[in-house]
1. So for A:Thr54, B:Thr91, B:Thr25, fewest C-beta neighbours within 10 Å to most, what's the order?
2. Show the residues, 5+ positions off or on another chain, whose built amide H is closer than 5 Å to the amide H of B:Arg85.
3. Provide Rg and Dmax in Å for chain B, with only Cα atoms included in the calculation.
4. In whole Å, largest first, what are the principal axis extents of the Cα atoms in the range A:85-166?
5. How high is the FRET efficiency between A:Glu86 and B:Lys6 when r is their beta carbon distance and R₀ equals 30 Å, given to the nearest 0.05?
6. Return the long-range amide H neighbours of B:Ile33 (sequence gap of 5 or more, or a different chain), with a cut-off of under 5 Å between placed amide H atoms.
7. Would you mind calculating the gained length between A:Leu134 and A:Ser102 on full extension (0.36 nm times residue separation, minus the Cα-Cα distance), in nm to one decimal?
8. Fewest to most neighbouring Cβ within 10 Å: what's the order for B:Leu63, B:Leu102?
Amino acid sequence: MGCCFSCKDDGSNQGGEANERTHLLVDPVSNNTTIQRVSSEDYSSCARSLPKKTDEQSALNQILQETATNVIDVAALDSHVLEQHEYHERVKHYAQKLQSGSRWTVPRRTPCLLLDVPAPEKFLSAEPLSVGNLDLITSAVSKANAALQELKVEHKEDLVVPFRIP
Amino acid sequence: MTEEMKKYLHQLLMRVDGLYCILVTDRDGVPVIKVANEKTPELAMRPSFLSTFAMAADQGGKLGLGKHKTLICMYSTYQVVQVNRLPLVITLIASETANTGLLLALEPLVEPLLSDLRGAVGES
């Protein structure tokens, strides 16, 4: 009676049942050790059960690493100077690799508007266009031009329409 | 295979007025294939000069403007156009009066070579 905190009945009334003494959250440390022991081979479950502190640390490390890679530090740039013999070795290696490769074919050119003509004299010595055809082309073009000039927009409806807003 | 590739690149070299050299190198500036004429400045073909591009490309990618694609350097007598095709880098060395747009337009024409060249670099 009047006892606010007593550990005496801890052992007697446990029996796996939940009471006011039962932890709502499972103890992370003890829980982890058991899980790690049980599934030590399984990496994923192990990673999931890492203590909170390590999680935080790794997250911080990740942030640090990301920041470091995103920083442009010109002074810290190290120019990898290639040794002379290393350079020659690599050149030789690439040449060998290319030689050993299969035969390479020149890519086909995309069709061009202007093409080379093999026998230009044939085209140049061809019959010129007849006067009748030339007249026909000229008149057709001038008619088309005149038609284009006369093209007008016919105004039928009002362009600005008032909406019936109440 | 190298001969046909060189022949093709030589044709491209002749196509642009003022273009002196076409180089395809790895990221350290070691040439995998190159065609050049006698006007090419020797200094511009050194790995110490060419390898700076890969570094610049790595750092330039951090500017938040996307992946680094092309670098154009105009000097008083030359211009150098470098195209990022990492692990390969295409370098075009030309006179300062050459048409830069034409140089950039050569990139898709060099493209068909790259898969084979990448294979040579990748296995090393």
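1. Ordered from fewest to most neighbouring Cβ atoms within 10 Å, A:Thr54, B:Thr91, B:Thr25 come out as A:Thr54, B:Thr91, B:Thr25.
2. B:Ile90
3. Expressed in Å, the Cα Rg and Dmax of chain B come to 13.7, 41.
4. In descending order, the Cα extents are 82, 70, 22 Å.
5. E between A:Glu86 and B:Lys6, to the nearest 0.05, is 0.80.
6. Amide H neighbours of B:Ile33, under 5 Å, 5+ apart: B:Val24.
7. Details: separation 32, 0.36 × 32 = 11.52 nm, distance 5.59 nm.
Additional length available on full extension: 5.9 nm.
8. Ordered by Cβ neighbours within 10 Å, fewest first: B:Leu63, B:Leu102.
Computed from the coordinates by the stated procedures, all read-outs in this text should not be read as laboratory data. Every value quoted in this text rests on a predicted model; they were computed, and no experiment measured them. Ideal geometry is used to build each Cβ from the backbone, glycine not excepted, and the neighbour counts take in all protein chains shown.
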